Structures are given as structure tokens and as C-alpha cells.
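**Student:** Here you go, one structure.
The numbers here are math on the coordinates, done by the rules we state, and not lab data. All of these numbers come straight from a predicted model, not from anything done at the bench. No Cβ is skipped: glycine too gets one built from the backbone with ideal geometry, and neighbour counts run over all protein chains shown.
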Amino acid sequence: MSLLKLPKVELHCHLDGSVRPETIIDIARKENLSIPSFDIDIINEHVTAPLDCESLDEYLKRFSLPNLVMQSMENLRRITFELLEDCARENVKYIEVRFSPVLHTKKGLTIEQVIESVLQGIRDGEEKYDIKGNLILGCMRTMAVEKAFQVVEAGRKFLGKGVVAIDLCSSEEEGFCEKFYEPISLAREYGYRVTIHAGETGIGKNVLEAVEMLGAERIGHGVYIKNCKEAYDVVKSKQVVLEMCPTSNIQTKAVNSFIEHPIQDFHKDGIRVTINTDNRTVSNTNMTKECEIVLKEFNMNHEDYKKIYFNSIEACFADCETKEKLKSYI
């Protein structure tokens, strides 16, 4: 089984965690930006987290340098196109790119301009390669609730035009769902689909609240439902899909080793799991590597992969036509 040639679907990939280091250097040179070095090896060290990273917060520090070069419409469009190009080269047929628009307004862009730039980059990739993309708008849990409302409102006019869902991301604290109940409820009213980062750092109860309080259809990571029976039972009974990212989960210390990762146990018990990169650059990974890890570490076979691939198709926020096309690849 050639993993590189297998068709792939990715539901959990952060744009700012997937910027090519070469692109950071190129943009910094052109715009005379101050970066630690113009040596590719040194930049790689700054944007790539080690496997023995100390925590999620330590992992998130790797995003500051990429965001420095993501403050213009041209750069956002380019970086998004390059992400789709990288995905297409390993036979990813569909990707849902996610990012937090507010992070890219530091030099005067409006949230609408930021979103439009990324959507144009997705369209550029679709025109050149056999790949389809959609966009998930992230709201930072470390920011004021008002910022979440701004993202929801700004993205509304792009619904049906590439924007498909809303997300809550960044550092995870217990009970965050109640804080963001109103903006996420408004998003659902507008027609956004909902996927929420939860249960990544030891708080399984957050998954329960994301599903019951925020109406999450998918959960980013969800590792810690293994320690919260109520959350586990809700995810299983409601067939909430888990966007699992094995390499990232080790780096953020959600688990200590691949063999400890619960993805196989969840899969065997009928929970709908999917395989994702989380951040291609920060985790120094791609979909082929993640699939290889899962198949090798847990002795999964082609039928297991096919089941997970179809989980991804069924859970993605694409239209019916796109889903039928994705099914035809395997």
C-alpha cells in the first residue's frame, strides 16, 4: 500500500502553523522585516516544535514568526496557495484550512480583507491542482469575546463562498465554552458549522460542554474524553467526529508516546476518528507521515484507512457534489 498515492482528506490544518520556512525568509527579505536569521536551518528551529516539547503553550510559541509575515493580502494569498500546493503533492484531495483572522490585522487589514485573501489563495490552489478547499474561521480563546463576535460578523458574507465553519482555539482552560456561548450561538444561527478545539490538554469535560453547550459537530483533538466517561459517551452516542493529530498530540503532551495515543481504541469502539496534521511546519509533518504513524504504530490495514477516510468525507463541511467526488477516489 503506497501511502503517498492514497487519496487523503484533511479536516484540521492551521494555516499559520503550515507556512514554508523558505517563504518566511523570502517575505522578510522583500519587506525588510526583522527575523532571527536568514539561515534556513535557524528559521526551521524557530518554527518547528521538537517531539519532546514541554506543553501546548510551549508549542504555540512557534506561531509568532509565521504570523509576522502574514500581515498583507498578497502574503496571505501566497501562503494559502502554497499550503494547497504542498497538500496536492501528497494526494490530499480536500482540505479545510483554519486560521484566526484577527491575528492578521496588525498592519491595518480588516478582518474581511484577511478572509478574502485566504479564500483567493484557496481558489488559486484549486485552479492549478486536483484539490478542493474550504475555510474555517478561528476565534482565539485568549482574546475578548467581542473579538469572536467580530469574526462571526465579518465572515458571514463569505458563507457559501468558501467559509464553512467557526472554531475556538489557542490555550485551553476549563469552562471556556460558557464564555463563548453567545458568539458561537450567533454563528450557528447564521449558518456556520461548528468545530471546537477541546479535550487537548487534560480536560475531557470541555468536550462535553463543546457538544452540549456550543453544538459542536466535530472536536479538534478530543484526546481526553478517555478520562471523562460522560464526554466519551456523548461523543460516541452522537457520533461527534474527532479530528485527531498524532504527532501534535505528543508535542503538546496530550499523550507521551504514539503507542499511548487513544486513536486506535476510539476507532475500534466505533468512535469516528480522522487523521490530520494540525500544523505541517510546526509539527514537521504531512498527511502521509501521519497516516504512516497510525498504520505502523497500531497495525491498522487498508480497510481501517478506508473507514477513516470515509469518516473524514462524511464529517467534512463540503457540499454533496464534493463528497461524492471524494468517495470516487478510493
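**Student:** Going 7 Å from the Cα of E58 in the Cα-to-Cβ direction, what parts of the stretch 265-285 have a backbone nitrogen less than 20 Å from that spot?
**Tutor:** Only 278-285 fall inside the zone, counting backbone N under 20 Å.
**Student:** In straight Cα distance, which lysines are under 22 Å from K93, not counting same-chain residues fewer than 8 positions off?
**Tutor:** K5, K8, K128, K132, K161, K289, K306, K307, K323, K325, K327
**Student:** Right, here's the next one. What span do the alpha-carbon atoms of the chain cover on each of the three principal axes, reported in whole Å from largest to smallest?
**Tutor:** Here the spans come out as 53, 45, 43 Å, largest first.
**Student:** I want to check the label-to-label distance for E127 and D319. Put each point 7 Å from Cα in the C-beta direction and report it in nm to one decimal.
**Tutor:** Reported label-point gap for E127 and D319 is 1.9 nm.
**Student:** So if I take the centroid of the Cα atoms in the stretch 254-328 and the same for the stretch 12-47, what is the distance between those two points in Å?
**Tutor:** Each part reduced to its Cα centre gives a spacing of 28 Å.
**Student:** A follow-up question, please. Given R₀ = 45 Å, what would the calculated FRET efficiency be for R156 paired with L4, taking r from the Cβ atoms and rounding to 0.05?
**Tutor:** Efficiency at R0 = 45 Å is approximately 0.70.
**Student:** Treating the beta-carbon of each Lys and Arg as +1 and of each Asp and Glu as -1, no other charges, what is the dipole magnitude of the stretch 8-328 about its Cα centre, to the nearest 20 debye?
**Tutor:** 600
**Student:** Then there is this: Could you pull out the longest piece of the chain with no exposed loop trypsin sites (Lys or Arg not before Pro) in it, calling a site exposed if DSSP puts it outside H, G, I, E, B and it has at most 14 other Cβ atoms within 10 Å?
**Tutor:** 239-330
**Student:** To continue, here is another question. Tell me, what does the Kirkwood hydrodynamic radius of the stretch 1-55 come to in angstroms if you use every pair of distinct C-alpha atoms?
**Tutor:** This gives a value of 13.8 Å.
**Student:** Now for a different question. Compute the FRET efficiency between S171 and K238 as 1/(1 + (r/R0)^6), taking r as their Cβ-Cβ distance and R0 = 25 Å, and round to the nearest 0.05.
**Tutor:** Taking R0 as 25 Å, the efficiency between S171 and K238 is 0.45.
**Student:** Give the relative contact order (percent, whole number) for the stretch 8-328; include only Cα pairs under 8 Å separated by 6+ residues.
**Tutor:** 20
**Student:** Can you sort T277, T105 from fewest to most other Cβ atoms within 10 Å of each residue's own Cβ?
**Tutor:** Final ranking by Cβ density, sparse to dense: T105, T277.
**Student:** Using alpha carbons only, how many angstrom separate the centre of the stretch 181-218 from the centre of the stretch 81-153?
**Tutor:** For the stretch 181-218 versus the stretch 81-153, the Cα centre distance is 19 Å.
**Student:** Looking at the square roots a ≥ b ≥ c of the eigenvalues of the Cα gyration tensor of the stretch 195-324, which shape do they give, rounded for a/c under 1.5, prolate if a/b is larger than b/c, or oblate?
**Tutor:** Judged from the Cα gyration tensor, the stretch 195-324 comes out rounded (a/c under 1.5).
**Student:** Going by C-beta contacts inside 10 Å, put V211, V255 in order with the fewest on the left.
**Tutor:** V255, V211
**Student:** How far apart, in nm, are two points set 7 Å out from the Cα along the Cα-to-Cβ line at T105 and at N44?
**Tutor:** 3.7
**Student:** Only helical DSSP H runs with n ≥ 4 go in: add -39500 (n - 2.57) per run for the chain, normalise by residue count and round the 222 nm mean residue ellipticity to 500 deg cm²/dmol.
**Tutor:** One gets -13000 deg cm²/dmol as the mean residue ellipticity at 222 nm.
**Student:** On to the next question. Quick check: from the Cα gyration tensor, does the stretch 96-156 come out rounded (a/c under 1.5), prolate or oblate?
**Tutor:** In terms of gyration-tensor shape, prolate.
**Student:** Can you check what the net charge comes to around K93, using other residues whose Cβ is under 9 Å from the Cβ of K93 (Lys, Arg +1; Asp, Glu -1)?
**Tutor:** Result for the neighbourhood of K93: +2.
**Student:** If you don't mind, there's one more thing I want to ask. Between G202, I219, T105, whose Cα lies farthest towards the positive end of the dipole of the stretch 94-244 when Lys and Arg beta carbons carry +1 and Asp and Glu beta carbons carry -1, centred on the Cα centre?
**Tutor:** Checked the options; the winner is T105.
**Student:** For V255, which sequence-distant residues (separation of 5 or more, or a different chain) have an amide H within less than 5 Å of its own amide H, given hydrogens modelled in the peptide plane?
**Tutor:** I250
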